[in-house]
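**Q** The structure that follows is given in the form of structure tokens.
The values are calculated or read from the model by the stated rules, or taken from the named source; none is laboratory data. Keep in mind it's a predicted model, so treat the numbers as computed, not measured. Every residue, glycine as well, gets a Cβ built from its backbone with ideal geometry; the counts of neighbours run over all protein chains shown. Each accessible area value is taken on the protein alone, full model and side chains, heavy atoms only, with ligands, DNA and RNA left out. Shrake-Rupley method; radii C 1.70, N 1.55, O 1.52, S 1.80 Å.
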Amino acid sequence: MQPVIAVESVSKSFGAVTAVNGVTLDVRPNECLALLGPSGCGKTTLLRLIAGLEAADRGRILIDGADMTHAAPYARPVNMMFQSYALFPHMSVADNVAFGLKQDGVKGDALKARVQDALAAVEMEALAQRMPAQLSGGQKQRAALARCLAKRPRALLLDEPMAALDKHLRERTQFELMALRKRLGIAFVVVTHDQSEAMAMADRVAVMDAGHVLQVAAPREMYERPASRRVAQFFGDINVWSAVVGLAPGTVDIPDLRLAVRIPAALPSAGSPLSVALRPERIAIARDPAPMGDCSVSGTIEDAVYLGMTCTYFVTLSSGAVVRVTAQNGEGAQTFSRGDAVHLSWRPAALTVLAA
Amino acid sequence: MRRPSGTTIALIAGLAFLYVPLAVVIGYSFNASKLVTVWTGFSFTWYGALLADEQILNAARNSLIVAFTSATLAAVLGTMAGYAFARFGRFRGRNLLAGSIAAPLVMPDVMTGLSLLLLFVALEQTFAWLPGRGLITIIIAHAGFAMAYVTVIVRARLIGMERDIEEAAADLGAKPMTVFFGITLPMIRPAVMAGWLLSFVLSLDDLVIASFVSGPQSTTLPMVVFSSIRLGVSPKINALAAILIIVTLVLLALAAWMSRGALRMRPAK
């Protein structure tokens, strides 16, 4: 299937700073792709390159198979929703929505109908005659969304769409956006620095750092099989330990845990350094030693954080290493407090081997 | 009764400092006496005399033509220059342009007037252009220095304005001209209008530069006022001043009203 947007080895520098460095990325039809990364990683620049608001130094950008690398923003069949929403302050909501359609030469009844449709899609018909200054944050976002959708773009580019909304509104808006996307059948590219937002919205996530795309994968795969230490650390909480491939075949020595673990994965030759990662919720915590067959270490609770649904414990081992453990709170669940001696255990398959 | 606070007194003193002279002029414009500073009774005599004075009416017409045309020219040129400074980044010749636009702000009017006069004389001798000088030369001179003020105001407004609104317009399919006239210009309209009004007032007020570059048939109001007070202040001048003050107040009120509308359109926060 031909990608809606194909980014091919695109680079962009601002003076001495390389914002986007040799990025290759496809956006598939109807998918929601999240560009995730810390601020300054180049995700917004990449979005602006696709929209045509920045010119690429190198590489090509294809939209629907057509080379749009040097096309002006107004000639590209994609639309962008800005972080600030960028509504035209001197126009009513309806005029804001009509603006883009007028540029395409839509007139008269057809114009009215399409403005009406777009406003209906975001449930803003009642506020059509309001000025942007009279709208709340959530209403502004919907107006901006309607303005983009009215153009029926091939792909919608969203720059931090939830940044200006409060937490309560954010979750609801995420679901609404996704429902809208499925109904309209257009591709979304969402820029975000919030990994839970990326997981909630995206079909695939591209993790970016320092201008590079580190990994592109479905959220579940990204979470369970991160390609590198940086991805693992950026995408959710994780324990990462340095390790060395052991002399016995199939084993890894983890000095921090004072543990040699048999790992069911292809390993490099003995003595090679690597990293081993373990998600905090895959670790069982108990007062008694774990059953045979599991990996097990013991330690002392350094800190306990109650988070409602879960508790997070920081457990100090005899080596001095601190392990992060997340335990479900539920009926009959054991709770621990600072200073308790505990045993941690997990199945060897829960360990992820990463490059050093 | 509450004792007025220090701030109130300071405010009244400040307003008095600014407006008492104007009030005096307006008051004496209704004086029946031929002597400017001796009050004898209320009268519209001098307004009648003013309207009968062919020379003053002609100068007033000239001044309004010059002020209106030069302010409009300055608003157009200043907006273009301000846009270039705020939006075009570092283009070739930027510093030269910035310097030449700022020059009238810091140069003494006498120097500006003299250099323009020399230029116009040279143009007349070489190309026979603008023979004898007249309103057109004053308009050119005024537009030239007033545009500096418009540039500064428009540039400041554009720099304070997020670019993403213009980018959004481009993203929605608007070509650069549509973006400018449909989005940028409406948003900076208060700044352009303020610049136009300032240019208008500056032109109406200018004596020095106009004296240098005017021709024999193109006397402006300040020139008439200045030359007539050398022969002694006529109460007619009081009446003229009163009219000018009223016109200026009306213009200022208009500007305030327009920028209030503009403020309401700005996004909240």
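**Q** Keeping to the range A:229-251, report how many residues are assigned to a loop (DSSP other than H, G, I, E, B), in contact with a strand residue (DSSP E or B) (Cβ under 6 Å, 6 or more places away or on another chain) and among the small types (Gly, Ala, Ser).
**A** Final tally of qualifying residues: 2.
**Q** Report the residue count in the range A:63-75 for those that are surrounded by 15 or more Cβ atoms within 10 Å (Cβ to Cβ), over 10 Å from B:Ala170 (Cα atoms) and either facing another protein chain (nearest Cβ under 8 Å) or over 23 Å from the mean Cα position of the chain (by Cα) (or both).
**A** 3
**Q** Among the residues that make up the range B:183-195, is at least one of them of a type outside the set (Asp, Glu), more than 23 Å from A:Ala133 (Cβ to Cβ) and more than 14 Å from every other protein chain (Cβ to nearest Cβ)? Reasoning before the result, please.
**A** First pass over the range B:183-195, keeping only residues of a type outside the set (Asp, Glu): B:183-195.
From the residues that got through so far, the ones that are more than 23 Å from A:Ala133 (Cβ to Cβ) too are B:195.
With the extra rule that they be more than 14 Å from every other protein chain (Cβ to nearest Cβ), the set shrinks to B:195.
Checking the range B:183-195: at least one residue is of a type outside the set (Asp, Glu), more than 23 Å from A:Ala133 (Cβ to Cβ) and more than 14 Å from every other protein chain (Cβ to nearest Cβ).
**Q** May I pose another question? Being open to solvent by 30 Å² or more (accessible area, probe 1.4 Å) and in a helix (DSSP H, G or I) is the requirement here; does B:Ile138 meet it? I'd like the intermediate steps shown before the answer.
**A** Values: open to solvent by 30 Å² or more (accessible area, probe 1.4 Å): no; in a helix (DSSP H, G or I): yes.
Here the answer is no, as B:Ile138 does not meet what is asked.
**Q** Among the residues of the range A:188-201, how many are surrounded by fewer than 23 Cβ atoms within 10 Å (Cβ to Cβ) and either more than 18 Å from A:Gly236 (Cα to Cα) or not assigned by TED's automatic domain parsing to the domain that holds A:Lys167 (or both)?
**A** Taking the range A:188-201 and keeping what is surrounded by fewer than 23 Cβ atoms within 10 Å (Cβ to Cβ), we get A:193-197, A:199-200.
Still in the list and also either more than 18 Å from A:Gly236 (Cα to Cα) or not assigned by TED's automatic domain parsing to the domain that holds A:Lys167 (or both): none.
Of the residues in that region, 0 qualify.
**Q** Which one of the conditions (1) touching a residue at least 60 places away in the same chain (Cβ under 8 Å); (2) open to solvent by less than 40 Å² (accessible area, probe 1.4 Å); (3) more than 14 Å from chain A (Cβ to nearest Cβ) does B:Leu130 fail to meet, given that it meets all the rest?
**A** (1)
**Q** Still on this structure, please answer the following. Only residues in the range A:1-19 that are at positive phi count as the first member; pair them with residues that are part of a strand (DSSP E or B) and open to solvent by less than 30 Å² (accessible area, probe 1.4 Å), Cβ under 9 angstrom, at least 6 apart or cross-chain, and list the lot.
**A** A:Ser9/A:Val23
Yes/no per residue for (1) out of contact with any Pro (no Cβ under 9 Å at 6 or more places or on another chain); (2) in a loop (DSSP other than H, G, I, E, B); (3) open to solvent by less than 20 Å² (accessible area, probe 1.4 Å):
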| position | (1), (2), (3) |
| --- | --- |
| B:Leu116 | yes, no, no |
| B:Gly173 | no, yes, yes |
| B:Phe180 | yes, no, no |
| B:Ile188 | yes, no, yes |
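**Q** Taking the range B:59-92 as the search range and keeping residues that are open to solvent by 70 Å² or more (accessible area, probe 1.4 Å) and among the aromatic types (Phe, Trp, Tyr), which one is nearest to B:Pro104 (Cα to Cα)?
**A** B:Phe68
**Q** Has the range B:192-205 got at least one residue that is out of contact with any Lys or Arg (no Cβ under 6 Å at 6 or more places or on another chain), in contact (Cβ under 8 Å) with a residue 40 or more places away in the chain, polar (S, T, N, Q) and not in a loop (DSSP other than H, G, I, E, B)?
**A** Residues of the range B:192-205 out of contact with any Lys or Arg (no Cβ under 6 Å at 6 or more places or on another chain): B:192-205.
Still in the running and in contact (Cβ under 8 Å) with a residue 40 or more places away in the chain: B:192-204.
Okay, now just the ones that are also polar (S, T, N, Q), so B:199, B:203.
Subsequent filtering for residues that are not in a loop (DSSP other than H, G, I, E, B) retains B:199, B:203.
Yes, the range B:192-205 has at least one match.
**Q** Turning to a different aspect of this structure: When you look at B:Ile101, is it open to solvent by 40 Å² or more (accessible area, probe 1.4 Å) and either in contact (Cβ under 8 Å) with a residue 40 or more places away in the chain or more than 14 Å from chain A (Cβ to nearest Cβ) (or both), yes or no?
**A** Details: open to solvent by 40 Å² or more (accessible area, probe 1.4 Å): no; either in contact (Cβ under 8 Å) with a residue 40 or more places away in the chain or more than 14 Å from chain A (Cβ to nearest Cβ) (or both): yes.
The answer is no for B:Ile101.
**Q** A further question on this structure: When you scan the range A:2-23, do you find a residue that is assigned to a helix (DSSP H, G or I), crowded, with 22+ Cβ neighbours inside 10 Å, more than 14 Å from chain B (Cβ to nearest Cβ) and out of contact with any Gly (no Cβ under 7 Å at 6 or more places or on another chain), even just one?
**A** No, the range A:2-23 contains no residue that is assigned to a helix (DSSP H, G or I), crowded, with 22+ Cβ neighbours inside 10 Å, more than 14 Å from chain B (Cβ to nearest Cβ) and out of contact with any Gly (no Cβ under 7 Å at 6 or more places or on another chain).
**Q** Moving on to the next point. Output the helices (runs of 4 or more DSSP H) that fall wholly within the range B:13-109 and possess 3 or more residues being modelled with pLDDT of 90 or more and in contact with a Leu (Cβ under 8 Å, 6 or more places away or on another chain), or say none.
**A** The qualifying helices (runs of 4 or more DSSP H) are B:54-87.
**Q** So which residues in the range B:154-171 are more than 16 Å from A:Val78 (Cα to Cα), open to solvent by 30 Å² or more (accessible area, probe 1.4 Å) and in a helix (DSSP H, G or I), if there are any at all?
**A** Of everything in the range B:154-171, those that are more than 16 Å from A:Val78 (Cα to Cα), open to solvent by 30 Å² or more (accessible area, probe 1.4 Å) and in a helix (DSSP H, G or I) turn out to be B:Arg155, B:Ala156, B:Arg157, B:Ile159.
**Q** From the residues in the range A:294-319 that are open to solvent by 50 Å² or more (accessible area, probe 1.4 Å) and in contact (Cβ under 8 Å) with a residue 40 or more places away in the chain, which one is farthest from A:Ala227 (Cα to Cα)?
**A** A:Thr300
**Q** Same structure again: Could you tell me which of the residues A:Phe188, A:Phe235 is on the phi < 0 side of the Ramachandran plot, modelled with pLDDT under 90 and of a type outside the set (Lys, Arg)?
**A** A:Phe235
**Q** I would also like to ask the following. Residues that are over 29 Å from the mean Cα position of the chain (by Cα) and away from chain B (no Cβ under 12 Å): find the helices (runs of 4 or more DSSP H) completely inside the range A:81-197 holding 3 or more of those. Spell out how you get there, then give the answer.
**A** Values: elements: A:93-103, A:108-121, A:137-149, A:167-184.
It comes to A:108-121.
**Q** Return the only residue of A:Ala144, A:Ala126, A:Ala98, A:Ala51 being out of contact with any strand residue (DSSP E or B) (no Cβ under 8 Å at 6 or more places or on another chain) and open to solvent by less than 10 Å² (accessible area, probe 1.4 Å). Explain how you work it out, then say what you get.
**A** On the way: A:Ala144 fails: out of contact with any strand residue (DSSP E or B) (no Cβ under 8 Å at 6 or more places or on another chain); A:Ala126 fails: open to solvent by less than 10 Å² (accessible area, probe 1.4 Å); A:Ala51 fails: out of contact with any strand residue (DSSP E or B) (no Cβ under 8 Å at 6 or more places or on another chain).
Selected residue: A:Ala98, the only one of A:Ala144, A:Ala126, A:Ala98, A:Ala51 that is out of contact with any strand residue (DSSP E or B) (no Cβ under 8 Å at 6 or more places or on another chain) and open to solvent by less than 10 Å² (accessible area, probe 1.4 Å).
**Q** Which of the residues belonging to the range A:147-181 are basic (Lys, Arg), within 15 Å of A:Met80 (Cβ to Cβ) and surrounded by fewer than 18 Cβ atoms within 10 Å (Cβ to Cβ)?
**A** A:Arg152, A:Arg154
**Q** A further question on this structure: Can you tell me which residues in the range A:295-322 are of a type in the set (A, V, I, L, M) and touching a helix residue (DSSP H, G or I) at 6+ places or on another chain (Cβ under 8 Å)?
**A** The answer is A:Val297, A:Leu317, A:Ala321.
**Q** While we're looking at this one, here's another question. Do we have A:Val244 as touching a residue at least 60 places away in the same chain (Cβ under 8 Å), outside the structural domain of A:Val27 (by TED's automatic domain parsing) and closer than 21 Å to A:Val323 by Cα here?
**A** Considered against the rule, which asks whether it is touching a residue at least 60 places away in the same chain (Cβ under 8 Å), outside the structural domain of A:Val27 (by TED's automatic domain parsing) and closer than 21 Å to A:Val323 by Cα, A:Val244 comes out as no.
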